[in-house]
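Notes for the one structure printed next.
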Amino acid sequence: MPSSTEIAPASPGVFPPETAHLVAAWTEVLLYGIYTCLYIEAAYIMLKKRRENIVSANVFLVATFLMYIVSTAHIVLGLHRLLTAFVYRLEPPARYFMDFRRWETVAHNSMLCIMTWLGDMLVIYRCWIVWNYNFLVILLPLILLIFEFVVNTMLLVWYTHFGMASFDTVMSWMATIYPLVFAQNIITTGLIAFKIWTQHRISTASGVIDTSTRLSLINILRIFIESAAIYTFQIMVLLILYPMEHNAQFIVQSAVIPSIGIVFVLIAVRVHLVRSSTFNSTRAPQLPDWFGELGSSSSTPITTLESTSGSAPVNIEKCEVGLAPSASNLLHRV
């Protein structure tokens, strides 16, 4: 998601671009440290689930590994650019950071695009799973992702072939990037949250889910929304800073790279911690699997539940409420 201010530098004002890039590098390093700690924990969790032969867990394991590699490469390249600009000083720092004749500048922006694509594809995949593999639900997010991919690719090509389009045309392309990303993120997050909330209401009304446990769907919904809000808030800030041509957008752009990875591993870690503390307690929830894969070794069918009204046990097999989501299996699904 390269910004226009990297092509035509904005007026420095009280926040010059040199300062913005310095602060951006330190911000990314700080968030990368947090991301690394969370990734190690999440990778351990996903590797355990991989042994249980859960397809979605394998997908998330591979995707989060690729995201961590991209984030690591981005921060290494960013530190190289920082040394080149402020230590080696081959040219003035502000000019160096905006010089798209250099391979490292193009590569730096390409990694930002790749990280965004990986995050968007993964959240669309998660939405597809939560909605019972319904392609119609993810049709609009997929269209937005394709537009996002096309626009970003055109910009990356233009950076190395300045004569292929006019500057005004390129600016019109750039104006669509952040709205596309923001809209796609809001739609997919909203769809997942709505599905969890709807299933929570159905299950609670039918008396087949225990709302008193920490692993209830409403708590899973809160964890998901809180984690996803990190990335959504950053894109919203970029939507404001971009038309202002404010140099602070460089800081947010650098923060986006590790933040995308943090969102996914944070959900896995938080759900796992709640799940572990709940099942280690004296009163573990008795809930059926949610979207469990047929034939999966992780599926543990539960045929009866205690009704919340205190009456006779509820037979899940005869309970016609569609899918009764299980928060205990959301680690692989949400």
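Results, tabulated for the structure shown:
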item: Added length on full extension, which subtracts the Cα-Cα distance from 0.36 nm per residue, MET244 to LEU136; result: 35.2 nm
item: Residue order, fewest to most surrounding Cβ atoms within 10 angstrom, among VAL150, VAL137, VAL252; result: VAL150, VAL137, VAL252
item: Those chymotrypsin sites (Phe, Trp or Tyr not before Pro) in the range 109-169 that DSSP places in a loop and that have at most 13 other beta carbons within 10 Å; result: TYR133, PHE135
item: Mean separation of Cα contacts under 8 Å (6+ apart) over length of the range 55-156, as relative contact order %; result: 26
item: Separation in nanometres of the label points that stand 7 Å from Cα toward Cβ, at GLU91 and VAL157; result: 2.5
item: Loop-located trypsin sites (Lys or Arg not before Pro) in the range 99-167, at most 10 other Cβ atoms within 10 Å (DSSP); result: ARG101
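Rule-based calculations on the coordinates, nothing more; no lab input. Everything quoted here is computed from the prediction, not taken from an experiment. Glycine gets a Cβ as well: all are built from the backbone with ideal geometry, and neighbour counts include every protein chain shown.
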